[in-house]
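One structure below.
The values are calculated or read from the model by the stated rules, or taken from the named source; none is laboratory data. Remember, predicted model here, so these are calculated numbers, not experimental data. Glycine also receives a Cβ, built like all others from the backbone with ideal geometry; neighbour counts cover every protein chain displayed.
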């Protein structure tokens, strides 16, 4: 497999997911190309985070199919990364967290030091390189989790509520980082409950409601004139079920 080969596009074809006798996602179909920053919106329980976990391969659909342009599972794993709302960091320094991720990805030891330093610099964490990850602030921990993922040079980066519970300054730092990662060529696919953030970051919107995908549209069109009543109600701040 050529190192320049792409795993995109990502296709969901009539994907469903059932757990505990309950259908949580139903008949989800869409295709994501490289380039546009994709933001997944919807009310609580709509299936946003579940969709990310399915896309990243953490769980398997119970119906339908999820396909990438590559069928090589090792190559697929090497070209994507995911950062969770509450990332798990190792009991070691910030730099060592990134180094460990690179070692797991098979990065040669001689390259790791350079890539660790670059990731820390890009995320504004160089001064905290030797500080234990567990004592960092919430915003610093989230930046470290993103740095750790970015250092592996993923083609696709999944972000699940990357600024949940962060203060405005930390949120702004994460948003700036997300834009920088996207500008470097990495495809961003993220969930957020923050409509202001979605307006600032999204190029395209996937709108989920009650386990179904109701809209997949350019962000400007979605915010100007959503096509469904559920999306209009969501943008007005009304509860949807």
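Residue-wise test of (1) over 18 Å from the mean Cα position of the chain (by Cα); (2) at positive phi.
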residue: 14; (1), (2): yes, yes
residue: 19; (1), (2): yes, no
residue: 22; (1), (2): yes, no
residue: 54; (1), (2): no, no
residue: 58; (1), (2): no, no
residue: 84; (1), (2): no, no
residue: 88; (1), (2): no, no
residue: 102; (1), (2): yes, no
residue: 105; (1), (2): yes, no
Considering only the stretch 108-133, state which residues are touching a residue at least 40 places away in the same chain (Cβ under 8 Å) and crowded, with 18+ Cβ neighbours inside 10 Å.
122, 123, 133
Within the stretch 153-173, of all residues that are over 20 Å from residue 121 (Cβ atoms) and surrounded by fewer than 14 Cβ atoms within 10 Å (Cβ to Cβ), the one modelled with the lowest pLDDT is 165
What tally of residues in the stretch 1-10 results from selecting those that are touching a residue at least 60 places away in the same chain (Cβ under 8 Å) and either closer than 22 Å to residue 235 by Cβ or surrounded by fewer than 13 Cβ atoms within 10 Å (Cβ to Cβ) (or both)?
2
So, of the residues in the stretch 153-164 that are touching a helix residue (DSSP H, G or I) at 6+ places or on another chain (Cβ under 7 Å) and part of a loop (DSSP other than H, G, I, E, B), which turns out to be nearest to residue 81 (Cα to Cα)?
162
Within the group 60, 85, which residue is touching a helix residue (DSSP H, G or I) at 6+ places or on another chain (Cβ under 9 Å) and without any contact (Cβ under 8 Å) to a residue 12 or more places away in the chain?
60
Within the stretch 114-134, work out how many residues are out of contact with any strand residue (DSSP E or B) (no Cβ under 9 Å at 6 or more places or on another chain), in a helix (DSSP H, G or I) and at pLDDT 95 or above.
10
Can you spot a residue in the stretch 136-150 that is in contact with a helix residue (DSSP H, G or I) (Cβ under 6 Å, 6 or more places away or on another chain), over 19 Å from residue 176 (Cβ atoms), at pLDDT 95 or above and crowded, with 17+ Cβ neighbours inside 10 Å?
no
